Each structure stands twice: as structure tokens, then as C-alpha cells.
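Novice: Please read through the structure below; I'll follow up with questions.
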Amino acid sequence: MTQAVPPILSVTPSRALVDEKFQVLVENLPPGCPVTLRSLHRSEDEDDWEAYGHYVSDHRGVVSVSEDLSFGGMYTGKEPMGLLWSMRPVPGSRKGLRLRKINVCTPMLVNISVHSGHEGFRDRTPLASALAERWYMAPGVKRIDINKQGVQGTLFIPPGPGPFPALLDMWGGGAGLLEYRSALLASRGYVSFSLDYLRSEHLSADVEFKYFETAFNIIRNHPQVIPDRVGILGSSLGSMVAFNLTAYSTIIKPRCIVCISSNHYHPPGTTLKAGFKILSNRTNDLSKINCPMLLVNGCDDQNWPTVETVARLLREGGKEHLLSRLAYPGAGHLIEPPFSPHFRATKFIILNSKEKVILLWGGHTKPHSDAQEDSWRKILSFLQLHLYHSPSVKANL
Amino acid sequence: MDRKQCCVKLSVQPSRGLMDEKFIVLVQNALPGSQLTIRALHQCEDGHSWEAFGHYTADTTGTINVSEDPSIRGTYSGVEQMGLLWSLRPIPGSKPGLRMRKKNIQTPMEVTISVYQGHQTEGFADLVPLSGVVVERWYMAPGVRRIPVTEGGLTATLFLPSGPGPFPGLLDLWGGGGQLVEYRAALLASHGFASMAIDYLTSKFTMETGKMVDNQYFETAYRVLQQHPQVCGSKIAMIGLSFGTSMTLKMAIYSEVIKLSAAVCISGSHVQPVEGSVEEIMGFFQKNAGKTRFNEKNEAIWRDLLLPIPTDPSLKADVGRLQCPLLLVVGEDDQNWPAQESALDIKEMMARAGNSHLLTVLSYPNAGHLIEPPYTPHARSSTFKTVEIQEKVMCLWGGQTVEHSRAQEDAWKKILVFLRENLYGGRNPTSFSHL
């Protein structure tokens, strides 16, 4: 075998958490050589997802995805993480797919390869490839199934003795129990409880306000949790729950809340189904909220009308100083942890009717992905300030 | 007395890395000016516990960044980004003469890094840390394939990088202790070299017949590697440490079959009976066993066995006949082999023969014999058993920890660049900048 030695592709780090960046480098190419960098991932549902960018090597025969511009493909320009966030199902796939990891104990495997040329690159065997592992769980994070006092969900605990600040983590409808955000939050130092509250048996039993209060207290009373440093993070419907709990509960006092893609002031009853009893009689009175609040929204959110008068409502209630807002132009509804592929529309099963529809979530891929990266960093920084910040040096709010 | 701080945040980035990658250890949210101890704890495969620690003072923002701030004292001092790994040593009360070597390289080395209140030096097991994280250190990158090789009577393991290939090949040899040592080959495969770790002293063949292998064994390994569909047969190098150096030079110079593109010889010598078999070469060293010295701790010093460097050319591998680039790595405090004296003689021989343009010598003051991949804890001495001697001896390897650790880091980077240049034909590689 005396073939020429091929180019060298490296991905650094090769094992990382999903919110960490990596550097993709190709070396040993001829100078000025057109190549395509491609990512390929087989999901748990056995669908193939890919992204690619067209590059040209410099005079040293190097392509650096972090430094160089992509001339075309699924993304253009200087995009260090484009090979992840611009992923789409490969041509010929089923429609309306969404990429969400269910088993968070194993990493997401992404194969990164380099192919010669731009057009028709897929027809050619890759010149080189490397495998990257993307983890939701840092080493030492513990995953615990919770089924206690009628409350169900999954708890993630960071490594170390603790005690830790904690979060009650709630998603919206249409996906079952999602653990990956809580796993990632635990990897960032928070005990995080992904609460299961939208299963049909819960609804038929009329989800009570009490269910959420009990869940919050289970976290609060956990031996590795600092009881007065428990916050709530909710997205979509989960953020509605977060608002209501924070405003109306007399039992629980979250230290801060983060609401992603919420529509807290939408008139009750028009989009909410009968089973959502907890929400049907509330008027979403923001003036009752007494803790710092971070609202994250995409301005192109097609699923819920955008939040436009939050500041006014809070100001009226004298609570504007508690609010931080992040409103991202061009971003849609599903604001996920960074580098996740963007979904403008996906399949969705409406809870009560079991109807299968395609829901338009909105957003355009590039601004949406930028929003995911920026919002995650700001969410972590908000949580760090309010849940980790030492009381003895805390500035007066 | 500091009251116990709450919510001190410790992070290590990356939390999963290759053995030769750097990490950043960060403490945040501590009380400004507070005294803290950062400690690493690792339990190795044979159950022994190893620890390292540094004493720090949080700055005005309550932060400690191990890659920027100095450790005042501990198992390392000064600004030492990776001190928590390379200064690992057996916990007090451990058996003497331990050396850290991972056998199962398919699982990571797990290190628990914790931060404690105050400047602690002992009794960590009885203290509750303020915070702790787990870090994984891997010899194998994702996608690297481990393939046991028994073809042709070999006892070897091939590590293939991920991807279609073809890849340049590497034959990896360790020293007189024998066994099949895989970790360096696994790590080299993680950097794009199809690497075969070879057991040439305690192979299945030797254990069953009592006979030592000879040239043919190495030539078979070379052929198996060369003929592998994912190996570029015209680009094969050899890397040897200690007695492995003797084998590497022997094959590079005298084998009709093996045609190397490059050779790396660490902590070894060219002194050997020319055209001697493996057994004869071992026997030659044994003959001089009487020159063994012992230091005040009764640790065996074997460097004199090959000294003085002979003038008789039949006792030295003829390096003047080498046709491939040679990288020599030398610890100047090597107490086990006379690597420095040998390197000087090799240099002279090659100058006389006119091939010194092939030679590069990396010589490190105060580094010892065991020049391992970076951040491997330094063992100045450890219990050792060669295949010739039946009992364990406390062997003095040499080296001062700080300088030895720096040498490991520097040598490894240079070995990777050397292999890259000679096997991949690249210039100025940038992908090693994170190491």
C-alpha cells in the first residue's frame, strides 16, 4: 500500500459538553484547495442529520473552521460551530423532525469529515474524519429518577459534596420528559429537577398547583440543596407555570426565575386547553412577583405571540427593577441550549386531541442559533449571580 | 478563622481531555483574599491513592485561576497549570516504590479535583471540601480503534486513528520490564498515527517456549503494519524507550526488511554487540551487572553497566549507516542508562560518517530515565523487575520532579512534531498548540 498520506483532521476538544465550543482544523492539504467540511450524526431515532460548509485551504494547506470563512453550504461566513447548529436531516428524510437527546448518560456522537471539492462532495469518500463526543452530563454528575409524594421527574446532582443551589426545570408540551437541559445545568453546578407534569394521567387528575409546590419543596428539602437558593427555569408552557408559582404561591419562594419563550399575559382560555386547570383562572398578574426574573424570547416566535408589553405591566406593578429581558430578532420559539439545530417547524402532538400537526415555531437558522448561544451564556450568568453569589458581598437590589 | 464559605464554584475545562491536553482549573465565588487548597486525588488501577495539592489565595474578585495564579506551596509551587497532575504522588503511608501506569486504556483515568478551606497539607480524607469535580483523562480519542494482533506469532496491539486513512504507521517499544504496554501507542493513534505496541520480551511465544524472539519478530510486526489496508506502507516509524531504543537502532540500521521513515529513541543507548540477537544483547548487559551501584537508599543504579562507551565498533550499533531521521531524547540525570554519554558518542559517530543532518538530540537537565507522555507523575525510583532478574529491585531512575515534568511536556510536543514532519510531510503543524 503506497497511497499518498492524506490530510489531517482534528477536532479539539474531541470530548466536550454540548455548550462548549470546539475547533475543527484540517492540515496537510495542498494550498488553495477547495474542500467541504461535513458533520454527520445519527439520532436516537435513527435519522441522519448533517451540516456542511465549503472552504478553501490557505497557502500552508490549512483550513480552520474557527478562523476561515465558509463560502457556502448550510452556513456561510466565519462560524466555528456552524457544523453543529446548522444541522438538518439529510435529503430524503422524514419531515418535521426534531433532534432531542433522550438518553443523556451517553454522548451525542458527531462524525466530522473533510471531502475534496465543493459540488457533489457527498459522492466522494472523505479524505479524513474524526469523531467528536458531545455530552450533556459532566463526569461525576448523578442522575436520579424521582417518584415521591406523587411527583415524578428526574433529578441531576453535580459532583462534589454540595450543598448546591438548585433549579426546578419545566419544559412545554409535545415532547414528554426532557432531561438534557437539567443534565447540562447540573454539569454547570446546579441541582436540577426536570419535572414531569404533562403526562396524560396528570391531566386527567387535574394538575393542581400543589403538584408544583410539592416538587419545589422536594428540591428545597434535598440534603444537597441550599434551601434558600432554589430557582425556577421554564420554557414555553413551563414558563407560564413558573410565573404563576412565583406570583401566587404562598408556600414557595423561588430565589429567581428564568422564562424562555413565554407568553405570560395572553388572555387565559384562548390557547390553553381545559385540562390546564392551574392556568385557566389566573390573570398572570406580574405585580405579585418578588424575585429577579429573566425573560428570553424570540421575536419571530410563531407559536406564542411575542412579549411586547412586559415592561409596562411590571412598571405598573412597581417591579420593573426585577426584570431582565432578552428579545432576539429572527429567533423563533424553541430556544434550546447552544449549538442545537434550529427547527422552524416540527411535528407536534396536541395533548388533548392527540392530533398530529406540524407546528411552525418560527425563527431563521442563523439568528436563532446566535440567540441560543447568547441566551444560554446570559442565563448561566444570571443564575450564577442570583444563586451562587455570596450574601456577604451581595449588592443591594 | 474563616467561617465555612458557601457556594464556592470549582470548574475544570475541559472536564474530559486526552492525557496530553491542558486543562484550566478555576475557582470562583470564594471570599476575596481567602486561603484555599486545591487538591487532586486519583485512585489507580491497583488500588493505590495518589494526591497533589497547591495552596492559593483568592484574588479581590474571589477567583483563583490555576493557569495564571501561583501556588504558594504544596506538591508544586508557582504558576503551574498542570501541577495537579504531574506532581501527583502516593498518599502518605503508601507502599514505597510505586509507579503510575495505566493498563486498561479503554477507560479514562479519573481524577477528583477539590477545593478546601485554608491551607491544608494532610488529613484530606477527614475534611469536607467546599467543592469538587471529576475530570476524565483519556489515552484514546473517540473513534480510535484498538485491535489485538496475534498474526505471525505476535503479541501486540494496533491502535488505528478514526477515519478512512491511510495513516502512517508506528512501531512502539518499551523496555526491559517486558509486558504489552499500550498507553503511548493509544495516545499516538489519537494524534493520527496507526500505532502498534509490541511485547517483545514476554510475548506468548517466549512465555510458552522460554526462548527470546529475534529480528524476525520485529520484521513480522513491520510487515503486518505495512500490509494493513489503512496503513501507508511507505511511512512507518519506530519509537523505543530504554531497551526499546536498542531494538529500534538495531532494526533501523541492520534489518533488510524494515525501512523506517523515522526513529525516536528515548533514554537509551547504541551500545550493543553488533548483529547480536535480542538474547545476546540482553546477555551483554547482564555480563556487566557487577557494575551496579547502590545509593544511600539502597536504590540500584544501572547506568554504569554500559560505561565507558566502548571504542570497539563491534560493540556499538553503527549509527553512521542510518538512513532515516533520528530523534534522541535524553534525561541528563538518567541513573538507569548512560543516555547522555551515548548521545554524545552517537553525535560523533554520525559526524564522522557524514549523516549528522539526520540527528536531533533533545537533552534535558535534571530529567531522569522514564520520559513518559506529559503529566505522567514522575517516579525518581520504583520497584522494577526485568525479564532477566527474577526478583524486584528498587531501581533509581533519576530526575528532579519539576524539571522532569517539563522535559516530558517539551519532549512529547517535539516528538509529535518530528513524527508529523517525517510521516505526514507537514510543515509548522498548528494542531498541537493546545498541548
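Novice: Take A:Arg181 and tell me if it is open to solvent by less than 10 Å² (accessible area, probe 1.4 Å) and within 14 Å of chain B (Cβ to nearest Cβ).
Specialist: No; evaluated as a whole, the condition is false for this residue.
Novice: Which condition does B:Asp46 not pass, out of (1) farther than 30 Å from B:Ala197 by Cα; (2) away from every other protein chain (no Cβ under 14 Å); (3) without any contact (Cβ under 8 Å) to a residue 40 or more places away in the chain, if it passes all the others?
Specialist: Tallying (1) farther than 30 Å from B:Ala197 by Cα; (2) away from every other protein chain (no Cβ under 14 Å); (3) without any contact (Cβ under 8 Å) to a residue 40 or more places away in the chain, B:Asp46 fails exactly one: (1).
Novice: Something else about it: Return the only residue of A:Leu109, A:Leu127 being closer than 25 Å to A:Pro30 by Cα and aliphatic (A, V, I, L, M).
Specialist: So the residue among A:Leu109, A:Leu127 that is closer than 25 Å to A:Pro30 by Cα and aliphatic (A, V, I, L, M) is A:Leu127.
This table checks each residue for (1) in contact with a Ser or Thr (Cβ under 9 Å, 6 or more places away or on another chain); (2) small (Gly, Ala, Ser); (3) open to solvent by less than 10 Å² (accessible area, probe 1.4 Å).
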{"site": "B:Ala252", "(1), (2), (3)": "no, yes, no"}
{"site": "B:Ala262", "(1), (2), (3)": "no, yes, yes"}
{"site": "B:Glu279", "(1), (2), (3)": "no, no, no"}
{"site": "B:Lys287", "(1), (2), (3)": "no, no, no"}
{"site": "B:Gly290", "(1), (2), (3)": "no, yes, no"}
{"site": "B:Arg293", "(1), (2), (3)": "no, no, no"}
{"site": "B:Ala300", "(1), (2), (3)": "yes, yes, yes"}
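Novice: Moving on to the next point. Counting residues that are open to solvent by less than 10 Å² (accessible area, probe 1.4 Å), which strands (runs of 3 or more DSSP E) fully inside the range B:108-195 reach at least 3?
Specialist: Passing ranges, in order: B:109-117, B:131-138, B:156-160, B:167-173.
Novice: If only one of A:Ile232, A:Ile252 is outside any strand (DSSP E or B) and either buried (at least 22 other Cβ atoms within 10 Å of the Cβ) or modelled with pLDDT of 75 or more (or both), which one is it?
Specialist: A:Ile252
Novice: Which residue is nearest to A:Ser14 (Cα to Cα), if the candidates are limited to the range A:122-160 and must be part of a strand (DSSP E or B), away from chain B (no Cβ under 11 Å) and open to solvent by 30 Å² or more (accessible area, probe 1.4 Å)?
Specialist: Applying the filter and picking the extreme gives A:Arg143.
Novice: Still on this structure, I have one more. B:Met394 - would you say it is in contact with a Leu (Cβ under 7 Å, 6 or more places away or on another chain), in contact (Cβ under 8 Å) with a residue 24 or more places away in the chain and of a type in the set (A, V, I, L, M)?
Specialist: The answer is no for B:Met394.
Novice: Which residues, taken from the range A:63-72, are in contact (Cβ under 8 Å) with a residue 40 or more places away in the chain and crowded, with 20+ Cβ neighbours inside 10 Å?
Specialist: A:Val63, A:Val65
Novice: Given the conditions (1) part of a loop (DSSP other than H, G, I, E, B); (2) within 24 Å of the chain's Cα centre (by Cα); (3) modelled with pLDDT of 95 or more, and given that A:Asp58 satisfies all but one, which numbered condition is not satisfied?
Specialist: Going through (1) part of a loop (DSSP other than H, G, I, E, B); (2) within 24 Å of the chain's Cα centre (by Cα); (3) modelled with pLDDT of 95 or more one by one, A:Asp58 breaks only (2).
Novice: One residue is enough: does the range B:383-396 have a residue meeting the conditions within 14 Å of another protein chain (Cβ to nearest Cβ) and either within 25 Å of B:Ala300 (Cβ to Cβ) or at pLDDT 95 or above (or both)?
Specialist: No, there is no match, as no residue in the range B:383-396 is within 14 Å of another protein chain (Cβ to nearest Cβ) and either within 25 Å of B:Ala300 (Cβ to Cβ) or at pLDDT 95 or above (or both).
Novice: So, one more: Need a quick list: strands (runs of 3 or more DSSP E) entirely within the range B:10-90 having at least 3 residues that are buried (at least 19 other Cβ atoms within 10 Å of the Cβ), touching a helix residue (DSSP H, G or I) at 6+ places or on another chain (Cβ under 9 Å) and of a type in the set (A, V, I, L, M, F, W, C).
Specialist: B:35-43
Novice: Return the residues of the range A:13-35 that are open to solvent by 30 Å² or more (accessible area, probe 1.4 Å) and in a strand (DSSP E or B); say none if nothing qualifies.
Specialist: A:Gln23, A:Pro34
Novice: If we scan the range A:86-93, do we find a residue that is in contact (Cβ under 8 Å) with a residue 24 or more places away in the chain, in contact with a Pro (Cβ under 6 Å, 6 or more places away or on another chain) and surrounded by 23 or more Cβ atoms within 10 Å (Cβ to Cβ)?
Specialist: Yes, there is a match, as at least one residue in the range A:86-93 is in contact (Cβ under 8 Å) with a residue 24 or more places away in the chain, in contact with a Pro (Cβ under 6 Å, 6 or more places away or on another chain) and surrounded by 23 or more Cβ atoms within 10 Å (Cβ to Cβ).
Novice: For the range B:311-318, indicate whether the set of residues that are closer than 20 Å to B:Ser242 by Cβ, β-branched (Val, Ile, Thr) and open to solvent by 20 Å² or more (accessible area, probe 1.4 Å) is non-empty.
Specialist: No, that holds for no residue.
Novice: Is it true that some residue in the range B:227-237 is open to solvent by less than 30 Å² (accessible area, probe 1.4 Å), under 22 Å from B:Lys316 (Cα atoms) and not in a loop (DSSP other than H, G, I, E, B)?
Specialist: So far as the range B:227-237 goes, yes, one or more of its residues are open to solvent by less than 30 Å² (accessible area, probe 1.4 Å), under 22 Å from B:Lys316 (Cα atoms) and not in a loop (DSSP other than H, G, I, E, B).
Novice: Follow-up question, since we're still on this one. For the range A:106-121, which residues satisfy the criterion of being more than 17 Å from the chain's Cα centre (by Cα) and either within 30 Å of A:Gln224 (Cα to Cα) or open to solvent by 30 Å² or more (accessible area, probe 1.4 Å) (or both)?
Specialist: The answer is A:Thr106, A:Leu109, A:Asn111, A:Ser116, A:His118, A:Glu119, A:Gly120.
The values are calculated or read from the model by the stated rules, or taken from the named source; none is laboratory data. Only a predicted model underlies this, so the values are computations on that prediction, with no experimental measurement involved. Using ideal geometry, Cβ is built from the backbone for each residue, glycine included, and neighbour counts are taken over all protein chains shown. Keep in mind that these areas ignore ligands, DNA and RNA; they rest on the heavy atoms of the full protein, side chains included. Shrake-Rupley method; radii C 1.70, N 1.55, O 1.52, S 1.80 Å.
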